[in-house]
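Participant: Quick one: the structure is below, and I'll ask about it shortly.
The values are calculated or read from the model by the stated rules, or taken from the named source; none is laboratory data. Everything numeric here is computed off the predicted structure, so don't read it as measured data. We place every Cβ from the backbone using ideal geometry, glycine too, and count neighbours over all the protein chains shown. Side chains are part of the model used for accessible areas, which takes the heavy atoms of the whole protein and leaves out ligands, DNA and RNA. Shrake-Rupley method; radii C 1.70, N 1.55, O 1.52, S 1.80 Å.
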Amino acid sequence: MSRFPILAPLTFGACLALSPLTQAQDEIKLGFIVKKPEQAWFINEQDAATRLGEEKGFEVVRLAGEDGQEVLSAIDNLHSQGAQGFVICPPDVRLGPTIMRRAEQYGMKVVTVDDRFVDADGEPMEAVPHLGMSGYKIGRQVGNAIADEMEARNWDPDDVAALRITNYELPTAKKRTDGATDALLERGFQEDNIFDAPQQNTDTSSAFSAASPIFSQNGDYEHWVIYALNEESVLGGVRASEQYGLTAEDVIGVGINGSGAAFAEFSREKPTGFHGTVAVSSTMHGRQTAQNLYDWVTEGDKPKANTETTGTLMTRENWEAVRDELGL
Ligand code: GLA
């Protein structure tokens, strides 16, 4: 008889101790901040994270962070909503330390996707878990795809110039164009025939502006190949080649991503100079980073420092099959 009143509060106490955890799991809210919210790649990443949240019962707050100020406001906004952390593709990787200071001030967990933070010395911030493309390998796939197509068209390397649209402020971008260049040179491409067009951003319009003068300054080449960090930028180069007067037969552009921008191009009635793209699963990038962050927040499992993903060449011929295979 006398034990009952003692046991009852204990049981009650145990319930109380458990309930905040159970409740917190019910209320998980994670941000997903992207640098280019209008690009198909990032829309798909955010969609995939949102779907995972619906399946697992957590909320994903989709936000844009197109510059440092917007990212910091997004973090403040997430904090005021009670979010426990966020996935981010930053507009500038050098914002890493500033973003982490703000997040730590709020006790939020952070994982990066696509573009990895660098510290003040330009070194990757290893403490922030990252998931992104294996840039160099995927770049090599681009170079080899271009070389294969040059061979298929029987082009003499002496008559072929390369428009290399670069973005050396973004390490993954440099790895990608370096990989493509190395593969091309190994396949006999002439180094002197490579022309650089440094772009200010990672989108089509910045690539178009960078590319246009390159064609007019180098009018004596019969054929052109075009590569860049992503397909949006290659499309900017292809549009500039068209404006200059080059036809699809004289241009081989190969991009990276395999998102809606490429699907639209492959769906055109007539082929363009956009020959192909190395497709990577933006669905997997969005889903996996959200899952990693969720596990970290709910179970305390910190994701591994760096995960590198791979790609598959997609052309006008196979794009629908590859799209389906990658769950895009
Ligand atoms: C960068 C590019 C995007 C996309 C991602 C993929 O962020 O700007 O277009 O290629 O990498 O990792």
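Participant: Could you work out Rg/(2.2 N^0.38 Å) for the range 26-108, with Rg from alpha carbons only?
Facilitator: 1.03
Participant: Hey, another quick one. Straight-line reach only, C-alpha to C-alpha below 30 angstrom: list the lysines that K174 could link to, leaving out same-chain residues fewer than 8 apart.
Facilitator: By straight Cα distance, K174 reaches K35, K36, K109, K137, K302, K304.
Participant: For the range 168-323, give the share of DSSP beta bridges that are antiparallel, in percent and rounded to the nearest 5; count only bridges with both residues there.
Facilitator: 30 percent
Participant: Also: Any idea what the dipole of the range 111-187 comes to, in debye rounded to 20, about its Cα centre with Lys/Arg Cβ at +1 and Asp/Glu Cβ at -1?
Facilitator: Value, rounded to 20: 180 debye.
Participant: For the chain, find the longest principal axis of its Cα atoms and tell me its angle to the long axis of helix 282-299, 0 to 90°, nearest 10.
Facilitator: With both axes taken from Cα atoms, the answer is about 20 degrees.
Participant: What order do D92, D220, D203 take when sorted by accessible area (1.4 Å probe), most exposed first?
Facilitator: D220, D92, D203
Participant: Can I ask one more? Provide, for q = 0.12 Å⁻¹, the log10 of I(q)/I(0) from a solvent-free Debye sum over equal Cα point scatterers in the range 138-204.
Facilitator: Here the Debye-derived log intensity ratios amount to -0.30.
Participant: Once Lys and Arg get +1 and Asp and Glu get -1 on their Cβ, which of W155, A183, F215 lies farthest toward the positive end of the dipole of the range 135-279?
Facilitator: Working it through, the farthest residue towards the positive pole turns out to be A183.
Participant: Would you mind giving the average projected area, over all directions, of the Cα convex hull of the range 135-279 in nm² with one decimal?
Facilitator: 7.4 nm²
Participant: Can I ask one more? Please state the equivalent ellipsoid semi-axes for the chain: what are the square roots of 5 times the Cα gyration tensor eigenvalues, largest first, in whole Å?
Facilitator: Listed largest to smallest, the semi-axes of the chain are 46, 19, 16 Å.
Participant: For the chain, find the longest principal axis of its Cα atoms and tell me its angle to the long axis of helix 171-186, 0 to 90°, nearest 10.
Facilitator: Approximately 40 degrees, to the nearest 10.
Participant: Sticking with this structure for a sec: Among 159-165, 103-109, 270-276, what's the highest-first ranking by average C-beta atoms within 10 angstrom per residue?
Facilitator: 159-165, 270-276, 103-109
Participant: Could you do me a favour and compute the accessible area per residue for the chain, 1.4 Å probe, result in Å²?
Facilitator: Result: 45 Å² per residue.
Participant: With only Lys, Arg, Asp and Glu charged, each at its Cβ (+1 for the first two, -1 for the last two), find how big the charge dipole of the range 288-328 is about the Cα centre; round to the nearest 20 debye.
Facilitator: It comes to approximately 160 debye.
Participant: Could you work out what % of the accessible surface of the range 135-279 is carbon and sulfur, using a 1.4 angstrom probe and leaving DNA, RNA and ligands out of the count?
Facilitator: Solvent-exposed carbon and sulfur of the range 135-279 make up 45 percent of the total.
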